[in-house]
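Student: Sharing a structure below in structure tokens format, with a few things to ask.
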Amino acid sequence: MTHPIEINKRVYPGIPSSTAIVICLDGSQKEYFEKASNSNLTPNIDALKINGEDLLANSAIPSFTNPNNISIVTGRPSSIHGICGNFFYTPSSGEEVMMNDPKFLRAPTIFQKFYEQGAKIAVVTAKDKLRKLLSHGLKFTDSRAICFSSEKSDQATKNENGIDNINDWLGMNVPDVYSQDLSEFVMAAGVKILSEFKPDIMYLSTTDFIQHKYAPGDDVANSFYAMFDKYIGQLNINNNSIIITADHGMQSKSKPDGSPNAIFLQDILDKKLGPDVSKVILPITDPYVIHHGALGSFATIYLEDKSKIDETIKEIKKIEDIEVVVTNEIGCMEYDLPRDRMGDIICMSSKNMTIGSAKSAHDLSKLKEPLRSHGGLHEREVPFISNKKINSVDTNNKLNNYDAFYYAIAGAM
């Protein structure tokens, strides 16, 4: 019998007796599962839902990868853990930096706290940009922790990742970062880790390359979910507890001719207010822009002259297809964001629109399919699928994707 563990003001039941597995299936929404199921491609997930739960949850806002993965693994929103985008701006230094360094974390992960209590932890992520954040607080010298990425699986070492020679061990080469294979590597590794390492807690985080390119029901998308279903069948054994959720959904963001649907907000504000008055920051920005061109549905705006906030909000409100325009104070309170890491204004676009900075700042030449992207309220609803029943009393209010480990651990006790 293990003792309860308090993490970020939430009490978890303790180290589970079987493996608690959470899967962040990047970029997923209910329609992907429904379309694949209608084509009889997901028998394992369909059976899992019958015996467990098929629910929906809210993701953190902005509905981007980094803030939501970190919300899931801390059990808390960005206002607590501090990671509020893939990318952010520091006005005092004028720096625009990736938010993938553990120094930006303001709360411990569930992995760190369970590891400190003696649990065995396994984490596999598709992209290496998340790895250091996810592994923060883990030590890899006592054979109780593994954390690596598909993307850099060939560079993993015992000291840095808790495992080496991954590609030989798994019998798979390093996948192309822009491929379905990057996610399949995560799932295959999870199955093998479960069998050989037998972790108490395991987190598998895929990439949304397929979802950015293909709509629900597309043959390629269906093939991806059929692949995923195969691995779910191999994980759903020995009374393991499984929660499948996502960091965000995905919506079409293109015009009828296939070109991106975008409001280039920096260009508009420069024209209305003058150059160098405002600075538009897009937290979707990361090193992997081929599939979205750094166009998402969330932006934050910094102003050198704070007296211009109301005037700027008034101008932005005139723009059709920008649905949310609020001050830092209101936006951070409404969407659980850290005030010091958001600009003076927060805005989000409509379902099928994105927000860009200056048109000249976006290289869209490599977008081969019509744009699909995320970041706003319309990509907030995500699946929350469990292989165990969840107490209905606990779900009277809408779930958050960052409730995943609480229910996965409770189900594995």
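Student: Anything in the range 211-250 that is surrounded by fewer than 19 Cβ atoms within 10 Å (Cβ to Cβ), in a helix (DSSP H, G or I) and of a type in the set (D, E, K, R)? List them, or say none.
Tutor: The answer is D219, K230.
Student: Can you confirm whether S92 is in the same structural domain as D403 (by TED's automatic domain parsing) and in a loop (DSSP other than H, G, I, E, B)?
Tutor: On the way: in the same structural domain as D403 (by TED's automatic domain parsing): yes; in a loop (DSSP other than H, G, I, E, B): yes.
Against the criterion (in the same structural domain as D403 (by TED's automatic domain parsing) and in a loop (DSSP other than H, G, I, E, B)), S92 qualifies.
The rows are residues; the columns are (1) in the same structural domain as G14 (by TED's automatic domain parsing); (2) touching a helix residue (DSSP H, G or I) at 6+ places or on another chain (Cβ under 6 Å); (3) assigned to a loop (DSSP other than H, G, I, E, B).
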{"site": "F111", "(1), (2), (3)": "yes, no, no"}
{"site": "Y115", "(1), (2), (3)": "yes, no, no"}
{"site": "V124", "(1), (2), (3)": "yes, yes, no"}
{"site": "L130", "(1), (2), (3)": "yes, yes, no"}
{"site": "T141", "(1), (2), (3)": "yes, no, yes"}
{"site": "F148", "(1), (2), (3)": "yes, yes, no"}
{"site": "D154", "(1), (2), (3)": "yes, yes, no"}
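Student: Let me ask something else. Of all residues being under 29 Å from I210 (Cβ atoms) and small (G, A, S) in the range 243-287, which is nearest to the chain's Cα centre (by Cα)? Just the residue, please.
Tutor: So the residue we want is A246.
Student: So V280 fits all but one of (1) among the aliphatic types (A, V, I, L, M); (2) surrounded by 19 or more Cβ atoms within 10 Å (Cβ to Cβ); (3) farther than 19 Å from M348 by Cα; (4) not assigned by TED's automatic domain parsing to the domain that holds Y89; what number is the exception?
Tutor: Failed condition: (3).
Student: Looking only at the range 320-377, count every residue that is assigned to a strand (DSSP E or B) and in contact with a helix residue (DSSP H, G or I) (Cβ under 8 Å, 6 or more places away or on another chain) and tell me the total. Can you show your working first?
Tutor: Keep residues of the range 320-377 that are assigned to a strand (DSSP E or B), which gives 322-327, 345-349, 354-356, 372-373.
Within this subset, residues satisfying the condition of being in contact with a helix residue (DSSP H, G or I) (Cβ under 8 Å, 6 or more places away or on another chain) are 322-327, 345-348, 355-356, 372-373.
Of the residues in that region, 14 qualify.
Student: When you go through I45, I70, I50 one by one, which is the residue that is over 22 Å from L337 (Cβ atoms), assigned to a helix (DSSP H, G or I) and touching a residue at least 12 places away in the same chain (Cβ under 8 Å)? Before the answer, list the steps.
Tutor: Numbers: I70 fails: over 22 Å from L337 (Cβ atoms); I50 fails: touching a residue at least 12 places away in the same chain (Cβ under 8 Å).
After applying the criteria, what remains is I45.
Student: Would you mind telling me which numbered condition in (1) over 19 Å from the mean Cα position of the chain (by Cα); (2) modelled with pLDDT under 90; (3) crowded, with 22+ Cβ neighbours inside 10 Å S360 fails?
Tutor: The single condition S360 does not satisfy is (3).
Student: Moving to a separate point now. Given the criteria part of a loop (DSSP other than H, G, I, E, B), of a type in the set (A, V, I, L, M, F, W, C) and either surrounded by fewer than 22 Cβ atoms within 10 Å (Cβ to Cβ) or free of Cβ contacts under 8 Å to residues at least 12 places away in the same chain (or both), does L194 qualify?
Tutor: Values: part of a loop (DSSP other than H, G, I, E, B): no; of a type in the set (A, V, I, L, M, F, W, C): yes; either surrounded by fewer than 22 Cβ atoms within 10 Å (Cβ to Cβ) or free of Cβ contacts under 8 Å to residues at least 12 places away in the same chain (or both): yes.
No, not satisfied.
Student: Could you run through the range 26-51 and say how many residues are within 21 Å of S179 (Cα to Cα) and among the hydrophobic types (A, V, I, L, M, F, W, C)?
Tutor: Result for the range 26-51: 3.
The values are calculated or read from the model by the stated rules, or taken from the named source; none is laboratory data. As the structure is a prediction and not an experimental result, all values here were calculated from the model. As a convention, Cβ positions derive from the backbone with ideal geometry for all residues, glycine included, and neighbour counts pool all protein chains shown.
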